[in-house]
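A.B. asks: Below: one structure in structure tokens.
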Amino acid sequence: MPTVSDIIIRKPTAAESQQAASWPIWTHKADKFDWEYNEIEKCLILEGKVTIFDRPATGNSVSFGPGDYVVFPVGLKCVWHIIEAVKKHYKFE
């Protein structure tokens, strides 16, 4: 089963930024909730700060914010902690 250590967080290439601009936008206020990935999700963070924790808890977490390109693996069970309201382009595969 994937963990938060399997989440890819990096700066996007120019091509990825251009492609992501055509994806839908998702926004959410500061919040904390459980999530499970049944598909790969790719997203480009436009605004906000987020920390993702393993579920069940392992003590591991990853954080990302504006300008980060994030790829979540299939099968990941996690807790989203949105510290500052988030706005992102996203695509499920």
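The values are calculated or read from the model by the stated rules, or taken from the named source; none is laboratory data. Computed from a prediction, not measured in an experiment: that's the story for all the values here. Please note: Cβ atoms are built from the backbone with ideal geometry, for glycine as well, and neighbour counts cover all protein chains shown.
A.B. asks: Check every one of the strands (runs of 3 or more DSSP E) wholly within segment 7-53 and list those with 3 or more residues that are at pLDDT 95 or above and within 12 Å of K88 (Cα to Cα). Steps first, answer last, please.
C.D. replies: Numbers: elements: 8-10, 25-28, 31-36.
Qualifying strands (runs of 3 or more DSSP E): 25-28.
A.B. asks: Does N60 satisfy the criteria of being free of Cβ contacts under 8 Å to residues at least 60 places away in the same chain and over 15 Å from F92 (Cβ atoms)?
C.D. replies: Numbers: free of Cβ contacts under 8 Å to residues at least 60 places away in the same chain: yes; over 15 Å from F92 (Cβ atoms): yes.
In short, yes.
A.B. asks: Quick one: in segment 32-84, which of the residues that are among the polar types (S, T, N, Q) and closer than 27 Å to A15 by Cβ is surrounded by the most Cβ atoms within 10 Å (Cβ to Cβ)?
C.D. replies: So in segment 32-84, the residues among the polar types (S, T, N, Q) come out as 38, 51, 58, 60-61, 63.
The next check asks that each one be closer than 27 Å to A15 by Cβ; those that pass are 38, 63.
Details: N38: 9, S63: 13.
So the residue we want is S63.
A.B. asks: Looking at the structure I just gave you, is A15 surrounded by 11 or more Cβ atoms within 10 Å (Cβ to Cβ), among the aliphatic types (A, V, I, L, M) and farther than 15 Å from H81 by Cβ?
C.D. replies: Answer is no for this residue.
A.B. asks: Tell me yes or no: at least one residue of segment 61-82 is in contact with a helix residue (DSSP H, G or I) (Cβ under 6 Å, 6 or more places away or on another chain), at pLDDT 95 or above and in a loop (DSSP other than H, G, I, E, B).
C.D. replies: yes
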